[in-house]
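The values are calculated or read from the model by the stated rules, or taken from the named source; none is laboratory data. None of these values were measured; they are calculated from a predicted model. Here the Cβ is made from the backbone with ideal geometry for all residues, glycine too, and neighbour counts use every protein chain on show. For the accessible areas, the whole protein counts, side chains as well, though only heavy atoms, and no ligand, DNA or RNA atoms are used. Shrake-Rupley method; radii C 1.70, N 1.55, O 1.52, S 1.80 Å.
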Amino acid sequence: SLRAHVYQATGLPAKNGSGVASAFAELKFLNVPSVRTHTVYMTNNPTFDKTLVLNDIELFVLPREREVGAEEYVVDAEDYTEVEDNKSMLRLAPAFEIQIHEETEGNTILLGRS
(Lines give C-alpha, C1' and ligand atoms only; values in the text may rest on other atoms or scores of the structure.)
Protein backbone atom coordinates (compact mmCIF):
# COMPACT_ATOMS: atom_id res chain seq x y z
CA SER A 1 0.00 0.00 0.00
CA LEU A 2 0.99 3.63 -0.49
CA ARG A 3 0.36 6.07 2.35
CA ALA A 4 0.61 9.88 2.21
CA HIS A 5 -0.21 12.23 5.06
CA VAL A 6 -1.65 15.50 3.76
CA TYR A 7 -1.50 18.20 6.40
CA GLN A 8 -2.12 21.62 4.90
CA ALA A 9 -2.10 23.76 1.76
CA THR A 10 -1.29 27.45 1.99
CA GLY A 11 -1.95 30.44 -0.24
CA LEU A 12 -4.28 28.66 -2.66
CA PRO A 13 -5.54 30.83 -5.52
CA ALA A 14 -9.34 30.82 -5.64
CA LYS A 15 -10.82 30.26 -9.07
CA ASN A 16 -14.35 31.29 -8.12
CA GLY A 17 -15.81 34.80 -7.91
CA SER A 18 -15.57 35.11 -4.12
CA GLY A 19 -11.78 34.88 -3.98
CA VAL A 20 -11.95 32.19 -1.29
CA ALA A 21 -11.27 28.54 -2.14
CA SER A 22 -13.15 25.39 -1.14
CA ALA A 23 -10.53 22.71 -1.69
CA PHE A 24 -9.75 19.01 -1.30
CA ALA A 25 -6.57 16.97 -1.82
CA GLU A 26 -6.37 13.85 -4.00
CA LEU A 27 -3.68 11.13 -4.08
CA LYS A 28 -2.99 9.53 -7.47
CA PHE A 29 -0.64 6.72 -8.46
CA LEU A 30 -0.52 5.20 -11.95
CA ASN A 31 -3.89 3.68 -12.84
CA VAL A 32 -4.92 2.82 -9.25
CA PRO A 33 -8.23 4.47 -8.29
CA SER A 34 -7.42 7.73 -6.49
CA VAL A 35 -8.42 8.67 -2.94
CA ARG A 36 -9.23 12.13 -1.60
CA THR A 37 -9.68 14.14 1.55
CA HIS A 38 -12.82 15.90 2.68
CA THR A 39 -13.51 19.36 1.23
CA VAL A 40 -12.47 22.31 3.40
CA TYR A 41 -14.78 25.21 2.61
CA MET A 42 -14.13 28.95 2.42
CA THR A 43 -10.38 29.19 3.10
CA ASN A 44 -7.26 29.65 0.99
CA ASN A 45 -5.20 27.87 3.69
CA PRO A 46 -7.04 24.57 4.28
CA THR A 47 -5.86 22.08 6.91
CA PHE A 48 -6.69 18.49 5.95
CA ASP A 49 -4.56 16.52 8.49
CA LYS A 50 -5.52 13.22 6.85
CA THR A 51 -3.62 10.10 5.82
CA LEU A 52 -4.60 8.88 2.36
CA VAL A 53 -4.00 5.18 1.59
CA LEU A 54 -3.93 3.40 -1.75
CA ASN A 55 -4.23 -0.39 -1.37
CA ASP A 56 -3.73 -3.31 -3.75
CA ILE A 57 -0.83 -1.79 -5.69
CA GLU A 58 1.02 -4.24 -7.94
CA LEU A 59 4.11 -3.25 -9.92
CA PHE A 60 5.84 -5.34 -12.55
CA VAL A 61 9.32 -4.26 -13.59
CA LEU A 62 11.72 -5.47 -16.25
CA PRO A 63 15.18 -6.60 -15.13
CA ARG A 64 17.91 -3.97 -15.41
CA GLU A 65 20.22 -6.28 -17.31
CA ARG A 66 19.19 -8.87 -19.87
CA GLU A 67 21.43 -11.53 -18.32
CA VAL A 68 19.89 -11.24 -14.84
CA GLY A 69 16.32 -12.52 -14.64
CA ALA A 70 15.96 -12.75 -18.40
CA GLU A 71 14.46 -16.24 -18.21
CA GLU A 72 11.34 -14.67 -16.66
CA TYR A 73 10.61 -12.58 -19.75
CA VAL A 74 10.02 -13.55 -23.35
CA VAL A 75 10.80 -11.03 -26.08
CA ASP A 76 10.34 -11.82 -29.77
CA ALA A 77 12.99 -10.63 -32.22
CA GLU A 78 10.57 -8.12 -33.73
CA ASP A 79 9.81 -6.66 -30.27
CA TYR A 80 13.48 -6.17 -29.37
CA THR A 81 13.86 -2.91 -31.33
CA GLU A 82 10.79 -1.45 -29.68
CA VAL A 83 12.06 -2.42 -26.21
CA GLU A 84 15.52 -0.94 -26.91
CA ASP A 85 13.98 2.32 -28.17
CA ASN A 86 11.93 2.66 -24.99
CA LYS A 87 14.55 1.49 -22.47
CA SER A 88 14.88 4.90 -20.80
CA MET A 89 11.11 5.13 -20.40
CA LEU A 90 10.90 1.62 -18.94
CA ARG A 91 13.45 2.47 -16.22
CA LEU A 92 11.56 5.51 -14.95
CA ALA A 93 10.27 5.07 -11.44
CA PRO A 94 6.51 5.53 -11.23
CA ALA A 95 5.69 8.57 -9.12
CA PHE A 96 2.71 9.36 -6.99
CA GLU A 97 1.04 12.75 -7.16
CA ILE A 98 -0.97 14.79 -4.70
CA GLN A 99 -3.30 17.28 -6.34
CA ILE A 100 -5.27 20.13 -4.78
CA HIS A 101 -8.64 20.82 -6.39
CA GLU A 102 -11.29 23.47 -5.82
CA GLU A 103 -14.99 22.63 -5.89
CA THR A 104 -17.04 25.31 -7.63
CA GLU A 105 -20.69 24.83 -8.52
CA GLY A 106 -20.37 21.09 -9.12
CA ASN A 107 -17.08 21.38 -11.05
CA THR A 108 -13.56 20.68 -9.85
CA ILE A 109 -10.63 22.85 -10.87
CA LEU A 110 -6.98 21.84 -10.40
CA LEU A 111 -5.19 24.41 -8.21
CA GLY A 112 -1.82 22.72 -7.83
CA ARG A 113 0.10 19.47 -7.55
CA SER A 114 3.23 18.05 -5.99
Which residues among segment 29-60 fall inside the zone where the amide N is under 18 Å from a point 7 Å beyond the Cα of residue 10, along Cα→Cβ? 43-50
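Go ahead and run the numbers for FRET between residue 50 and residue 18, Cβ-Cβ distance against an R0 of 22 Å, rounding to 0.05. Provide the component values of the computation, followed by the final result.
Working: r = 25 Å, r/R0 = 1.12.
Given R0 = 22 Å and the Cβ-Cβ separation, E is 0.35.
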State in Å² the accessible area per residue of segment 1-60; use a 1.4 Å probe, count heavy atoms of protein chains only, and round to the nearest integer. 62
Can you sort 100, 57 by 1.4 Å-probe accessible area, starting with the largest? 57, 100
Sort 38, 101 from largest to smallest accessible area, using a 1.4 Å probe on the heavy atoms of the protein chains. 38, 101
